[in-house]
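Student: The following block contains the structure, expressed as structure tokens.
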Amino acid sequence: MNTDAQLTERDPSPTPDQGPEQGSRFARSGPLGVLYRRPATVLALCLAFVLLLSAFVAQPFLIPSSSMENTLQIGDRVLVNKLAYRFGGSPARGDVVVFDGRGSFVHREQGENPVTGLLRGAGAALGLAPSAGTDYVKRVIGIGGDHVTCCDKRGRIEVNGKPVSEAYLHPGDAPSSVDFDIVVPQGRLWVMGDHRARSSDSRDHLGDPGGGTVPIGKVIGRADLITWPVGRWRTLGAPGAADRIPAAAGPRG
């Protein structure tokens, strides 16, 4: 009896070609195999993940106007942190926020074709198109209880009697060409653009319900980072001057 022949028959050695073929069959079977054979499925899953991330965590936002220059310029993409105020936090003076202006800056419904609205919404979620015409990006100047006035003898805005040093203002802009004196209601914000000469903000809605202030509940998130173009990449922290503003004195009787 040829023992070597029997061993060869019972335990044949795999040929070099068998390994890759078996690995290929394994990779193309099971759930991963379905994705391997269907790149469109992979693309759809990736898109769904990005849209979910944009809806609940962080959303890129395309800057459509010059109202926040030079801090933000037309065409900048900023990353809006939607979790910044979701778990007990609230907007602070100096924060750059994106908010839904319906009910404060916008008082009429803006009609839109459903298909157009869906496509625009998807593009906005990816930072490829401007968001709804009712969304605004502004800087928080006053929070609930603050007494915000303009202007003092040197033309500066005061919050709770303290003049605000606004180094972020567009060069050549005055803090405001409109005088105002308002106590911000609790749960609301007084917001202004950094390019005061070209910003439609709380000053333009003094006669509207809420006196130009924005409900905190309408804030979509805080703009934390410029992500595009690459040459303008930087964070958007609140200016240190906001820390020196005293707390509100409380309701005035």
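Values in this text are rule-based calculations from the coordinates and carry no lab data. Remember, it's a predicted structure, so these values are computed and weren't measured experimentally. All Cβ positions, glycine included, derive from the backbone under ideal geometry; neighbour counts span all protein chains shown.
Student: Taking the Cβ-Cβ separation of LYS162 and LEU225 as r and a Förster radius of 35 Å, what is the calculated FRET efficiency to the nearest 0.05? Spell out each step's value before the answer.
Tutor: On the way: r = 29 Å, r/R0 = 0.82.
In this case the efficiency is close to 0.75.
Student: Continuing with this model, one more query. Points 7 angstrom from Cα along the Cβ direction at ALA174 and GLN73: gap in nanometres?
Tutor: Each label point is offset 7 Å from its Cα along the Cβ direction, giving 2.8 nm.
Student: Taking θ = phi - 60°, what integer Hz values does the Karplus form 6.51 cos²θ - 1.76 cosθ + 1.60 yield along the range 77-86, in sequence order, with x for Gly and Pro?
Tutor: Whole-Hz 3J(HN,Hα) from phi for the range 77-86: 10, 10, 9, 9, 7, 7, 9, 4, 10, 7.
Student: Estimate the FRET efficiency between ALA249 and LEU83 by the formula 1/(1 + (r/R0)^6), using the beta-carbon distance for r and 35 Å for R0, to the nearest 0.05.
Tutor: Numbers: r = 32 Å, r/R0 = 0.91.
Working from the Cβ atoms, E equals 0.65.
Student: List the lysines whose Cα lies under 20 Å from the Cα of LYS162, skipping any in the same chain that are fewer than 8 positions away.
Tutor: Hits, sequence-local ones excluded: LYS153.
Student: If you don't mind, another one. Find the centroid of the Cα atoms in the range 90-110 and in the range 194-222, then give the distance between the two in whole Å.
Tutor: The two parts, judged by their Cα centres, are 6 Å apart.
Student: Relative to the present Cα-Cα distance, how much length would full extension add between ARG154 and ASP181 at 0.36 nm per residue of separation?
Tutor: Going from the current span to full extension adds 8.1 nm.
Student: Suppose R0 equals 22 Å. What FRET efficiency, 1/(1 + (r/R0)^6) with r the Cβ-Cβ distance, do ALA92 and SER200 give to the nearest 0.05? List each step's numbers first, then the result.
Tutor: Working: r = 23 Å, r/R0 = 1.04.
The pair ALA92/SER200 has a calculated efficiency of 0.45.
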